[in-house]
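Everything below concerns the one structure shown next.
The values are calculated or read from the model by the stated rules, or taken from the named source; none is laboratory data. Note that this is a predicted model, so its numbers are computed, not measured. Positions of Cβ are backbone-derived with ideal geometry, glycine not excepted, and every protein chain shown enters the neighbour counts. Surface accessibility is based on the protein's heavy atoms, side chains included, excluding ligands, DNA and RNA. Shrake-Rupley method; radii C 1.70, N 1.55, O 1.52, S 1.80 Å.
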Amino acid sequence: MSFRTSPALGSARAGGPPSAVDYVEDVSPGSGALPPRAWYASSDAKALSLDGAWRFRLSATVDAEDESFAEEGYDAAGWAEVTVPGHWVLQGEGAFGLPIYTNHLYPFPVDPPHVPTENPTGDHLRVFDLPDDWPSEGGAVVRFDGVESCARVWLNGTDLGEFKGSRLAHEFAVGHLLKPKGNVLAVRVHQWSAGSYLEDQDQWWLPGIFREVTLLHRPAGSALDFFVHASYDHVSGEGTLRVDSDVDGRVLVPALDIDVATGEPVTALVAPWSAESPRLYDGELVTEGERIPLRIGFRTVVLEDGLIKVNGKAVLFKGVNRHEWHPEKGRTLDLATMREDVLLMKRHNINAVRTSHYPPHPAFLDLCDEYGLWVIDECDLETHGFTEQDWRDNPVDDDRWTPALLDRAARMVERDKNHPSVVLWSLGNEAGTGRGLTAMAEWIHGRDPERLVHYEGDWNCRDTDVYSRMYADHAEVEQIGKELDGGTLGRRKLPFIQCEYGHAMGNGPGGIADYQELFAKYERLQGGFIWEWIDHGVKHPELGYAYGGDFGEELHDGNFVCDGLVFPDRTPSPGLLEYKKVVEPVSIEGSDGTVRVTNKYDFADLSALAFEWSYQVDGETVEAGTLSVPALAPGESADLKLPEPPAHLDGSETRWTVRALLAADTAWAPKDHVVAWGQFPAVAGVRPSLVPSASPVREEGRITLGPAAFDGRTGALRTIGGVAVENPRLDVWRATTDNDDGTEWKSGLCYSTLWRTLGLHRMRHRLVGVELESQALVVRTRVAPAAREVGLAAEYRWTSDGSRLKLTVSVTPEGQWTVPLPRLGVRLGLSAVGSGAGSAVDSGVASGVASGVVSPVASAVDEVKWFGGGPGEAYPDTRAASEVGRWSATVDQLQTPYLRPQENGARADVRWVEVGGLRIEGDPEFSFAARRWTTEQLDAATHLTDLVAGETVWVNLDHRHHGIGTASCGPGVLPQYHLLAEPAEFSFVFSEVSG
Ligand code: GAL
């Protein structure tokens, strides 16, 4: 038998806990549990779920209550109840304590391995009967799939042991203790333990039995553990299968005609497994005692030529970091939610997941096998809080902790080793460097030489097979791509990934298209993983979604926990749509009636896709058809002729749009799902023009010009025809985004601080002059913050042809400007004049994509139509997914409900927009936003529920925006997306629209 277990972990640890509660602060992993093994559900051995309502008693300290509750006959009738799996702080409406969010600070004194005396301790009790058909022969184990952070277990009064390692499975042998009726399973769970020092991940601290508890029958002769080795030879096309089992048996794979003994290799022609084509072969491991279903994927992962290769090819990771999150249940996820994550990822062209920062629920890996995602499976280890003391006393560099680290490594590898989707093991996250990590890496390399080892925290890559970084800026990534990254020689020979980049906090991330270009350009760069998948907002009765600080934590990191590509309810944010476009597996570019299609998959040809073209005149599709594209192999391109464009009116703007769609239903999306698209102009449109003919006229207290009336003294616009307009004037302020509020890693600059210090959020407008020219009204102002010398001279030149009104804004910076501007444009207010429609929003929350809150009563200024980029928001460095076309939305739908309100919802490249009875055409194209609150109100809000709609719709017509970047964690806005304070001129033509 070739099956091996770690010498350090080979057998159940003997002996009970040292004394009453010492185990809580003991650095060892625990005692009494069985050795780790592959996680599976047997086809025939019985299993009894112990999930559901458990009796629950919360104590303030570990020893407030004695252990008598574990005895048979204990009367827990007066106890509360909690649902298992679940976190007790998310149940009981506060009666059981509250969640705590910190990024890397330990929420207790750093005094390892000690934890506070105040240590919430939850006693859980469950009485169960065995089902009538439970076999009388054989043994049984009780399996805990996840308990945070430390648990002690008794069955029928017998102490089974205790364990730490929250997101890892632990099993105890219980067959000898079971009786047909009235079994008492008692579990004492401590929120804090020595294990907490190893679990300092950036997330909520959530104690409880948060994954399933199961009683598993173990028939005599059932497998203890087994290891499926299924490699693929990309030259011969053969797969080699060998299943090692510590109980002999046979391995059956009917589709391959395989019937072989365990431990024996067998070779067959197979279709390989990849994230793109996740071919799984159903098989069985049959031992004397049970039948175990196998899902076998043949694939070989190697480090070769300095690259991570799977089945002979270098792969490009288009990944995300996934924490387990549900807004009501925390890290307790059901299968449907896990599947939703996988389907959303697949539908958004994501091909890889890093299970940050702990092994996920095992069923998630089954789904990755089935649907096809490359996985970096990460160990449940982070000691980030030690960075506060220069990593002194870091457990990963202290031999006393090494058994705990090895236990965690083994529990991950043994549990998950049979998943073809897992291609790299990660030692953990942000744990500094140290001997403990080396010990883990050595053990993993020895136990599973068929996969690679990842860890980001050691840039010298002593223990790893890949050079991994987080949030390296574009310039550095390019240097690394060029292999000019310095560092040790070892590291320079390794492939590079960004295990975290593109911090998706709030509006953003910006600049990911620029990263993707680098990944495509340099072979050594094998892609990256966006931080992160989901906002960890906690559903809250008053706040909508709560984040750090909302539960009164004494230490917290605010909304840094809301940095996902999907909102807490899993609605895609604009960041996910942008990422989908940026990582699309087919590129579609064109010019002059020709389209170039390039296959950017690593393995698949294009035969699964159908292509369609369409031709737009002024954003409206006038003709469409199918395009025949050869089944290009990965890396191949084809130039294809498009049909003759249809005739159209002179002056209109025309363009081609070509889409790649699924040609047939797949497991993860239906036929016609759009995988990739490209757009390219055919004929440029003419700019809006207006030949001035009307003259401004001073009347009593006002000035009129064509359809417009202005204030006679200030020259402020009041009405255009029947539409009341609240003074359009220069605007440079935006409600700062989380990225504006961040501090750029390299420069140490925080733009929102610079902007606020300068006073850009409190600009004053001094009227310099109002002049009536023969065919223009000219208003001059100086726009500047109190206490500062710098300012912007702004000239508003109004002209009219009698029916339409044109505004030309010229801006000239004065003084020494040392910071870019947040935005540059005009803002105006549109009121629902005479509409009579109530516009109060009861909840104050936009009905935009993810708020889940009732949408407001429609007011007169409601429907918005535009020709330009859409359907979603776009900023200078987040505009890959913005498609030029005709779009419409209500004002409320234009809002993106970032959990902490901030600038959002701007549509880019707008040619014209119709809103509130006005049509506004821009020259050049502009950025448009409309909301029912002012920028100042948006800026001041901390939660969506703070936003209360007013009667006025505030419209921003921006010449430009400053980029978004990802300074909320990492690099800021690339220089090309800076909005410098420079002379600028832009204009808008306003006209009334009827109906
Ligand atoms: C990384 C860390 C993540 C998360 C992220 C910021 O340093 O690994 O867990 O904290 O930064 O959101």
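Worth pointing out:
- Gain on full stretching of the segment that runs from Trp817 to Thr626 - 0.36 nm per residue minus C-alpha separation: 63.5 nm
- Computed over the Cα atoms of the range 490-598, the ratio of the radius of gyration to the Kirkwood radius (Rg/Rh) comes to 1.12.
- Accessible area of the range 517-614 belonging to carbon and sulfur atoms, whole % at 1.4 Å probe: 47 percent
- Mean-position separation - Cα centroids, the range 623-662 and the range 75-150, in angstrom: 58 Å
- Scalar couplings 3J(HN,Hα) for the range 194-202, obtained by applying the Karplus form with A = 6.51, B = -1.76, C = 1.60 to θ = phi - 60°, are 3, x, 4, 5, 9, 10, 8, 5, 6 Hz; x denotes Gly and Pro.
- Whole-Å distance, taken between Cα centres, linking the range 963-995 and the range 697-747: 16 Å
- Sorted from longest to shortest, the spans of the Cα atoms of the range 226-302 along the three principal axes equal 36, 23, 19 Å.
- Here is how the number arises for the chain: DSSP H runs of 4 or more residues each give -39500 (n - 2.57), the sum is divided by the residue count, and the result at 222 nm is -3000 deg cm²/dmol.
- Largest first, the three principal axis extents of the alpha carbons in the range 22-218 are 50, 38, 28 Å in whole numbers.
- Positive-end extreme of charge dipole, the chain - chosen from Ser652, Val174, Trp192 (charges on Cβ): Ser652
- Cα-based shape type of the range 697-992, given that a ≥ b ≥ c are square roots of the gyration tensor eigenvalues and the cut on a/c is 1.5: oblate
- Dimensions in Å of the range 706-748 - Rg and Dmax from alpha carbons: 18.8, 53
- Site pair Ala268 and Leu772 shows an inter-label distance of 9.2 nm when each label is modelled 7 Å from Cα along Cα→Cβ.
- Kirkwood hydrodynamic radius (C-alpha pairs) into Stokes-Einstein, the range 310-581, 25 °C and 0.890 mPa s, D in µm²/s: 128 µm²/s
- The peptide list 432-443, 477-488, put in order of mean Cβ contacts within 10 Å with the highest first, becomes 432-443, 477-488.
- Highest-first arrangement of 500-512, 565-577, where packing means the average Cβ count within 10 Å: 500-512, 565-577
- The per residue volume of the convex hull around the alpha-carbon atoms of the chain is 177 Å³.
- For Glu992, solvent-accessible area (1.4 Å; no DNA, RNA or ligand), Å²: 100 Å²
- Every Cα-Cα pair in the range 929-995 was counted, and those over 20 Å apart are 56% of them.
- Within the accessible surface of the range 226-302, defined with a 1.4 Å probe on protein heavy atoms only, the carbon and sulfur portion equals 49 percent.
- The value given for the range 622-733 is a Kirkwood hydrodynamic radius of 20.0 Å, derived from the mean inverse Cα-Cα separation.
- Per residue solvent-accessible surface (Å²) - the chain, probe of 1.4 Å: 35 Å²
- Relative contact order of the range 226-302, defined on C-alpha pairs under 8 angstrom at six or more residues apart (%): 31 percent
- Mean Cα-pair separation over length for the chain, i.e. relative contact order, pairs under 8 Å, 6 or more apart, %: 9 percent
- Percentage, to the nearest whole number, of Cα pairs in the range 26-141 over 20 Å apart: 63 percent
- Annotation: amide H-H contacts under 5 Å for Gly685 (H modelled 1.01 Å from N, sequence separation of 5 or more, or interchain): Thr654.
- Those lysines that a straight Cα-Cα span of less than 19 Å connects to Lys346, excepting residues fewer than 8 apart in one chain: Lys318, Lys580, Lys581, Lys600, Lys671
- Per residue, the convex hull spanned by the Cα atoms of the range 358-416 measures out at 85 cubic angstrom.
- Rounded, prolate or oblate (a/c below 1.5 giving rounded, otherwise prolate when a/b exceeds b/c) for the range 194-333 by Cα gyration tensor: oblate
- Highest mean packing comes first when the peptides 795-805, 160-170, 674-684 are listed by Cβ atoms within 10 Å, giving 160-170, 795-805, 674-684.
- Cβ-placed point charges (K, R +1; D, E -1), dipole of the range 281-409 about Cα centre in debye, nearest 20: 700 debye
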